[in-house]
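To start, the structure under review is shown below, and the notes come after it.
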Amino acid sequence: MKLEIDSGQIGKLLFVVDADDIKNDSIYGGFENTLEKLNDVIKKLEIEGISDTYVMCDPTTKVGYLESFLLSTIPEAQRDCINNFLACSKFESKENHKAIINQIYNIAYPKAPYNFGHHHFELLKTQLTYLFTYPINA
C-alpha cells in the first residue's frame, strides 16, 4: 500500500476498525486506545495527510465493536430485548457475544438489517462520501 501511496495511485485512506473493549485488551482495546494506536501507525507510515479514521463502537458509550454500533442504531425496545437476552444467557466469551448479537439482529430484522438513516451512521457516511466523491487533492 505504501508503494501505491508514494506513486500517487492511492490518494486517500479511511481506516475503519473495531474499538473492542478495554476489559479484553488494555493496550489496544477501547475507543481512546484504539484511536491512539491507529494514529501512531499512521504517523509512523507518514500518511497522516491522506488518512482518516473511524473507530467502530457504540457511539454513545465508546465501547464495543461493529455489533455494538449496529445495536445502537435499532429502536430502544428492540435493543433492550436483545440486551436482556444477552444478560440472561450469560455468554461470557467476546466471540460468542458478537456472534449472538449478529444472529439475533439478522433473525429479528431480515428485510432491513441496517438502519442507515439512523444518526449514528452520519459520520461514517460523510467519511465514505468524501473518500469516494471528492478529488484526491481536495
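Quick look at the numbers
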read-out: Rounded accessible area of residue 36 (nearest 10 Å², 1.4 Å probe); value: 100
read-out: Exposure ranking of 90, 12 by accessible area [1.4 Å probe, largest first]; value: 90, 12
read-out: Förster radius 30 Å - calculated FRET efficiency between residue 53 and residue 26, Cβ distance, rounded to 0.05; value: 0.90
read-out: Accessible surface, per residue, of the chain when the full set of protein chains is kept, probe 1.4 Å, Å²; value: 65
read-out: Nearest 10 degrees, 0 to 90: helix 122-133 Cα axis against the chain principal axis; value: 30
read-out: List 88, 57, ordered by accessible area with a 1.4 Å probe, largest first; value: 88, 57
read-out: Neighbourhood net charge (13 Å Cβ-Cβ; Lys/Arg +1, Asp/Glu -1) for residue 30; value: -4
read-out: Rounded tilt (10° steps) of 31-44 against the dominant C-alpha axis of the chain; value: 20
read-out: For Rg and Dmax of the Cα atoms in Å, calculated from these coordinates, the label among [x] 17.3, 54; [y] 26.0, 91; [z] 18.0, 61; value: [x]
read-out: Cβ-defined net charge surrounding residue 43, 15 Å radius [Lys, Arg +1; Asp, Glu -1]; value: -2
read-out: Degrees between helix 76-89 axis and first principal axis of the chain (Cα, 0 to 90, nearest 10); value: 70
read-out: Accessible-area composition of the chain, carbon plus sulfur, in percent [1.4 Å probe]; value: 57
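The values are calculated or read from the model by the stated rules, or taken from the named source; none is laboratory data. The shown structure was predicted, so the numbers you read here are calculated from the model rather than taken from an experiment. Neighbour counts run over all protein chains shown; Cβ positions are idealised from the backbone, glycine included. Surface areas here come from the heavy atoms of the whole protein model, side chains and all, with no ligands, DNA or RNA. Shrake-Rupley method; radii C 1.70, N 1.55, O 1.52, S 1.80 Å.
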